[in-house]
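For reference, the structure is listed below as structure tokens.
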Amino acid sequence: MTKIVTATEDEAMKLALEGNAIILGGVEVHVHFVRYKGDPGIVLEFTPPNGKDEVPDGMEDIDNRLAHLSRQTVMNMTDHARKRLLRLVEQDGGKDRMIYRLVVTSRIMDYGSHENRVDDYIDPEFEKVDRGVAGRATEARLAVERVMGVKA
């Protein structure tokens, strides 16, 4: 099993040479309650999978592009699905819930070439809320794989 970690550029090279995966970028979609001008509502937050700490150069751009792709593709829900998502958040009592994650990792193989991977995760409860999310997430993952040159 590959260990996924966050690291500085120097640490990343060392870990990659040891065979561990390095996060190149990604996005997590979290949903929870918020109050806006006193009224309750829900918010979707698009954050990098490594948290909001300092990130290596270039990774912020990758994360922003993946968040944009996620907004445009994965989170393109119908009104009915949005209402069901609201009910799911209400069931959780408004607590933060990660409903989707896409992570791009890389590692150096024994023979010196890079192996890139694109992995995604959909909360099973979110799949029940929005039956179309799996197909949209697959579209997003395949688009990233094409850009990264990942072979199936």
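Taken together, the values in this text are just the output of simple stated rules run on the coordinates, not laboratory data. Every value quoted in this text rests on a predicted model; they were computed, and no experiment measured them.
Some values worked out for this structure:
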{"item": "Across LYS95/LYS128; LYS37/LYS95; LYS37/LYS83, pairs whose alpha-carbon gap is larger than 28 Å", "result": "none"}
{"item": "Net lengthening on full extension, HIS114/HIS32 (0.36 nm per residue, minus Cα-Cα)", "result": "25.8 nm"}
{"item": "Computed over segment 65-152, Cα set: Rg, Dmax in Å", "result": "15.5, 51"}
{"item": "Theoretical gain in end-to-end length, MET98 to ASP10 [0.36 nm per residue, Cα-Cα removed]", "result": "28.7 nm"}
{"item": "Potential extension, ARG82-ASP39 segment - 0.36 nm per residue separation minus Cα distance", "result": "13.7 nm"}
